[in-house]
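First comes the structure, then the notes that go with it.
The values are calculated or read from the model by the stated rules, or taken from the named source; none is laboratory data. Given the structure is predicted, the values throughout are model-derived calculations rather than measurements. Heads up, the Cβs are rebuilt from the backbone with ideal geometry, glycines too, and the neighbour counts pull from every protein chain shown. Just the protein is used for accessible areas: all its heavy atoms, side chains included, with ligands, DNA and RNA removed. Shrake-Rupley method; radii C 1.70, N 1.55, O 1.52, S 1.80 Å.
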Amino acid sequence: MTDYEAVIGLETHIQLNTLTKIFCACKADSWNAAPNTNICPVCSGLPGVLPVLNEKAVEKAMLLAAAMHAQIQSLSFFDRKNYFYPDLPKGYQISMYEAPLATGGYLDLPLPQNEARRVRIAKLHLEEDAGKTKNAGGKRLIDFNRCGVPLVEMVTSPDLRSAEEAAQYLTRLRQLLRWLGVSEADMEKGHLRCDANVSIRPRGAAYLNPKTEIKNVNSIDAVREAVQKEIERQAREMEAGHTIESWTLEWDEDSGKLKKMRSKETEADYRYFHEPDLLPLHISEEWKKSILTALPELPLERRQRFVTQYGLPEYDADILTAERSLSDYYEQTVKAYGGDPKKVSNWLMNDVLRMLNEKGMTADQLRLLPAHLAEIIRLIDEGVINNATGKSLLEKVQASGETPAAIVAREGLAKVSDDAAIRSICQEVIAENPAEVENYRNGKATLMGWFVGQVMRKMRGKADPNLARAILEELLAQ
Amino acid sequence: MELYAQSAYELTRLLHSRQVSALEILESVLKRIEAVDGRPGTLDPGEFTEEDRRKVHAFITLTAERARAQAQEVDRKLAAGEDPGLLAGVPFTVKDIFCVQGTPSTAGSRILANFVAPYTATPVARMEAAGGVMVGKVNLDEFTYGSSNESSAFQPCPRNPWNPDRVPGGSSGGSTASVAAREVPLSLGSDTAGSIRQPAAFCGVVGMKPTYGRVSRYGMIAFGSSLDCPGPIARDVRDAALMLQVIAGQDHHDSTAAALEVPQYVALLEGGVKGMRIGLSPDYFRIAIPDIQTGEYALQPLPEAFSAAVHRAAAALADMGAEIIENVPMPNTRYGIPAYFVISRVEAASNLHRFDGVKYGYRTSQPVQDLRSLYRKSRAEGFGLQPKLRILMGMYVSAAQYSEQYYRRALQVRSLIRRDFEQAFDPQGEYRLDALLTPTTPTTAFGFGEVYGDTVLMQYADQLTVPANHAGVPGISIPAGFASDGMPIGIQFLGADFTEEKILRIARAYEIATQSEEWRKACPQERQ
Ligand SMILES: [Zn+2]
């Protein structure tokens, strides 16, 4: 069997999380709204209305373009894309065609073994969303709520080489969109939509075979699965000597199967022309500068820096930069703590992340601030409290908002390392449990843990367990 | 003089001095409309009678009750000592291409006959906010596609008040007819290639196309979105200035409406023309019609009466201190119509996409198998001939394989036409014009059925007006006498971007210079 490689390009539509729609004052977000309740004359395409551009949508698209290393154009135009569909109330979509908002750009996708795949961006522009149609009871129902929601259409070159890479790209894109705060990027809610163009060719070949387009994939897992199945199908077809036809396929989530929607017809003629109802979009250097000062360090850059600057393993760096506020939290804690960054990473990865997951919070929402966490680690380092006390403090700080030191002082949680105090409790325990002492001395060494536990219990956990063990061993040996 | 025959300016004066009430003005106007307008246009007009032939038929919808409420509000404000606005108590009509909340807004088309707008167009809202009293929606060519009003789906269509066997012009024919017949002093029209100025010339009234962006287009059902301009129609220049004052200015519903101060047009009106440079161009004294077979342009001089009217006006203005600059080249004027044919139709076809029988307007009552046949049947039955022709032409010239050779080329021609004006008005240039003076139309109002049906010839009625739409510059047509057929002749002043106050001033100067001339005493009533 020939060794094939997949050639995959992804076409994404990203719903920007602006307050209002792109050309009118309706709310952009209609989640849970009854059909056709979040509309106005403009977005429902009544006769005589005109679009007025929401600059916030442009600004969010600018941030995304800059993060994708694309060139933001100082002059771009909106165009009309003309076609008939009931959920498109004007009979044309306002999009960009000839002179889009940005050109070029790429995302360097990290691969195993420190390699990276450069995924080039072929298209990046702003447009308005259409409404939704559905069939019910022999009728076609239309909901215009989504009409005019701002979208960025972003299309990659055919640079991805496996289903896993396609999934990785979407994961990184979703991470980036949330990181930038430009989209909620929830695929299940349609904030991030993806069509995949898939073809295969013998590994090493430079030509492109006819591709199929997979539509209606609503999660990253579904993209991975659908693309993988399509790669396998195409390989089987080719092995059987068939040629691949340019079909449009639909992913059926329930059956986990691809269905043929239609043979790809000749390219539709959308009769694009510049939208006369909107002025050319001029983006001045000042405007661009004022927006791009808000461009944060990007997740992949920060991930790399965490490895080099803090000596973190890639695994740690990856998890800590999965989400922007977590990575900020990490760095603030490292700064406040001043000690071993890996130790901070362990605390975050083991304890803080669990807390976040349980509470469904992001790091910036915690009452347990980076300074608090740093203080807890330092208290342990200094031997003031033991590890277990430290972990219990996480919840206590989160619940009360008090500083760890204040809680330690009030609840008397400081570790007792006074030899005499522990020694007298150890003597008490030995005196109260003659039977266990007998058994221990007859060789049941495993009882030592029990003795230590008794001491800790009497001292409400404040004793240094290592010291307690040493004293008990000394007393029982006598 | 009866109240209905007074100018808007005079009416506001009478109102403010409490000599009349807004309601009295309105009742006078409604009575006049009843006397001269005849039955309104409808989709199902039945037999055309001799009585119909003699009437104006400006209206599609009379909004008398809405007007009474508006007039009462003006009277209440006056009584309460509140400012009732610049247009207080002035009745006006609105071309039925503008949406007005709660009124049928038909565009003169079957496809929108049942459409009641849920919102009001900005220029109408501004007139009402200024105390103006809208008395109704007036007829037009279907979707404004025409120069005679004959294409309206609502018949009988408007007739020229100076001679009922002549067309009023178009597409704002209902507007100019209602003003010329002294049904109202003001009307709101729209101009895409001359649709305000041409019917104003045909009906012997003043019509102004402001600079593109001077007046918001919000609520005006679009034809050629890059060319369309709402504008005032009045019987004299002062009223036009007054109305422009009210409707002009920035609008947060229209990003193409310019964020510029609106000058005090009325206050600046009588500044005179001393030292102004007014140009005449040979390219506006001939008409170029392409030969269908060869594509060659045949140049025909304009009828003598038209060039004479323009030269008389030039002489009058020169007497008042203006400098007349002759032989200003405007060489691309002749390409205005072909370029317009392409650009306006590409935009029109796209603008008409939304009328699909799904959301509002006409939907076929025939059974349909699928969505596509719903679209096809609704559009086939709902649109008249003119929209269909524009859709066909617009789809053809914007198709991927033809767009380069038609649409792109037309846009280049448009830039050349714009350059003609830039050179003529360039303050550092050779001509340094304040305005260009031209005839408005190559003919007087033609008879019903004379031109209709020949879409190309009909379009050439706009040859002298369309360049201003391509270039975006302002233009005003004012009456300048009568031709030997007894019909009015219009002359036009074109200015540089946003210099409405200048061309209004020049037009007003011409009015003053000719106010005692005999032809000014004529009025349509006596000719009926
Ligand atoms: Zn809206």
Taking placed amide H atoms and a strict 5 Å upper bound, the residues 5 or more places from A:L281 or on another chain that come that close are A:S76, A:F77, A:F78
Using only Cα positions of the range B:39-159, each an equal point scatterer, no hydration layer, compute I(q)/I(0) via Debye at q = 0.09 Å⁻¹ and quote the log10 values to two decimals. -0.28
Those residues in the range B:333-361 that give up at least 50 Å² of accessible surface, probe 1.4 Å, once the partner protein chains are present instead of the chain by itself are B:S350, B:H353, B:R354, B:K359
Which value, in nm² and rounded to one decimal, describes the direction-averaged projected area of the C-alpha convex hull of the range A:419-476? 3.3
Alpha-carbon gyration tensor eigenvalues x 5, square-rooted, for chain A, Å: 58, 28, 21
Explain nothing, just compute: Karplus ³J(HN,Hα) = 6.51 cos²θ - 1.76 cosθ + 1.60, θ = phi - 60°, for every residue of the range A:156-167 in order, whole Hz, x for Gly and Pro. 8, 5, x, 10, 8, 10, 7, 4, 5, 5, 4, 5
Provide the solvent-accessible area of A:F306, counting protein heavy atoms only and rolling a 1.4 Å probe, rounded to the nearest 10 Å². 0
Kirkwood estimate for the range A:331-478, i.e. one over the average of 1/r between Cα atoms, Å: 17.0
Please report, in cubic angstrom per residue, the volume enclosed by the convex hull of the alpha-carbon atoms of the range A:299-411. 89
FRET efficiency for B:A298 and A:R233 from the Cβ-Cβ distance with R0 = 51 Å, rounded to 0.05, comes out at 0.20
Are there chymotrypsin sites (Phe, Trp or Tyr not before Pro) in the range B:128-226 that DSSP puts in a loop and that have at most 12 other Cβ atoms within 10 Å, and which ones? none
Run the 1.4 Å probe and let me know the accessible area of A:T308, rounded to the nearest 10 Å². 100
Taking θ = phi - 60°, what integer Hz values does the Karplus form 6.51 cos²θ - 1.76 cosθ + 1.60 yield along the range B:57-64, in sequence order, with x for Gly and Pro? 6, 6, 8, 9, 9, 8, 10, 4
Between the alpha carbon centres of the range B:409-484 and the range B:232-253 the gap in Å comes to 21
Quick one: Debye curve from the C-alpha atoms of the range B:359-481, no solvent, what's log10 I(q)/I(0) at q = 0.18, 0.19, 0.21, 0.23 Å⁻¹? -1.13, -1.17, -1.23, -1.29
Kirkwood-based shape ratio for the range B:135-286, expressed as Rg/Rh from alpha carbons: 0.98
Karplus couplings for the range A:126-131 from phi (6.51 cos²θ - 1.76 cosθ + 1.60, θ = phi - 60°), rounded to Hz, Gly and Pro as x? 8, 7, 9, 7, 9, x
In straight Cα distance, which lysines are under 17 Å from B:K377, not counting same-chain residues fewer than 8 positions off? B:K359, B:K388
Rounded to one decimal in Å, the inverse mean reciprocal Cα-Cα distance for the protein assembly as shown, i.e. its Kirkwood radius, is 33.5
With viscosity set to 0.890 mPa s and temperature to 25 °C, compute the Stokes-Einstein D of the range A:177-258, Rh being the Kirkwood radius across alpha carbon pairs; µm²/s, no decimals. 175
Given points 7 Å out from each Cα along the Cα-Cβ axis, report the B:Q250 to A:H69 separation in nanometres with one decimal. 4.1
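Longer than 28 Å from Cα to Cα, which of A:K123/A:K215; A:K288/A:K335; A:K21/A:K259 are they? Say none if no pair is. Please report the intermediate quantities before stating the final value.
Working: A:K123/A:K215 18 Å; A:K288/A:K335 32 Å; A:K21/A:K259 34 Å.
Result: A:K288/A:K335; A:K21/A:K259 exceed 28 Å.
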Greater than 18 Å separation of Cα atoms is the criterion. Which listed pairs, A:K27/A:K60; B:K137/B:K521; A:K396/A:K458; A:K396/A:K462, meet it? B:K137/B:K521; A:K396/A:K458
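At the nearest 100 Å², what buried accessible area, both sides summed, do you get for B and A when the probe is 1.4 Å?
2800
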Nonlocal amide H pairs with A:K257, under 5 Å, H built at 1.01 Å: A:D252
Projected area averaged over all directions for the convex hull of the alpha carbon atoms of the range A:244-359, nm², comes out at 15.5
Between the alpha-carbon centers of the range A:219-257 and the range B:339-374, tell me the distance in whole angstrom. 38
Where Rh is the Kirkwood radius over Cα pairs, Rg/Rh for the range A:67-166: 1.11
Express the carbon and sulfur contribution to the solvent-accessible surface of the protein assembly as shown as a percent, rounded to the nearest whole number, probe 1.4 angstrom. 50
Rounded Å value of the spacing that divides the Cα centres of the range A:57-125 and the range A:404-433: 64
Evaluate Rg over Rh across the range B:417-460, taking Cα atoms for both radii and Kirkwood's formula for Rh. 1.24
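Using the heavy atoms of the protein chains and a 1.4 angstrom probe, tell me the accessible area per residue for chain A in square angstrom.
Numbers: 22020 Å² over 478 residues.
I get 46 Å² per residue for this part.
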Quick numbers on chain B, Rg and Dmax over C-alpha atoms in Å, give 21.7, 72
Rounded to a whole number of µm²/s, how large is the Stokes-Einstein D of the range B:338-407 at 37 °C and 0.692 mPa s, given Rh as the Kirkwood radius over C-alpha pairs? 255
Per the Kirkwood formula on distinct C-alpha pairs, the Rh of the range B:1-97 is how many angstrom? 14.7
